[in-house]
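These notes concern the structure reproduced below.
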């Protein structure tokens, strides 16, 4: 999707940037990147929403159905948490840390999307 967004940028805009004396780096930062981010922002937002809802829905509803084996519909963080806590109570701390790390990675990704959106519309 990002490749489509970049190739959709008219070549004339890049050439105009070169005509006024901009270097390659300046053209990339000031012309190509803002247009590419603007075109791919809906994709990033929808992917983030899908990621967050998939995890929360699977954790909420996934416990009602079969969650063992290869046919599991639960997210990886839930499966790892379940496997570690069932196998031994000694690893409960590791399971909790793994869940918090999964949440932290999701939040960092969401903050990165918001930062890119702020750069575009800020």
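When 4, 31 are arranged by Cβ crowding within 10 Å, least crowded first, meaning fewest neighbours, the order is 4, 31. Could you calculate the FRET efficiency of residue 117 with residue 26 from 1/(1 + (r/R0)^6), where r is the beta carbon distance between them and R0 is 25 Å, rounded to 0.05? With a Förster radius of 25 Å, E is 0.65. Per-residue Cβ neighbour counts within 10 Å put 12, 26 in the sequence 12, 26, beginning with the fewest.
None of the figures in this text is laboratory data; all of them are computed from the coordinates on show. It should be emphasised that the depicted structure is a prediction, and the values quoted were computed from it without experimental measurement. Backbone-built Cβ (ideal geometry, glycine too); neighbour counts: all protein chains shown.
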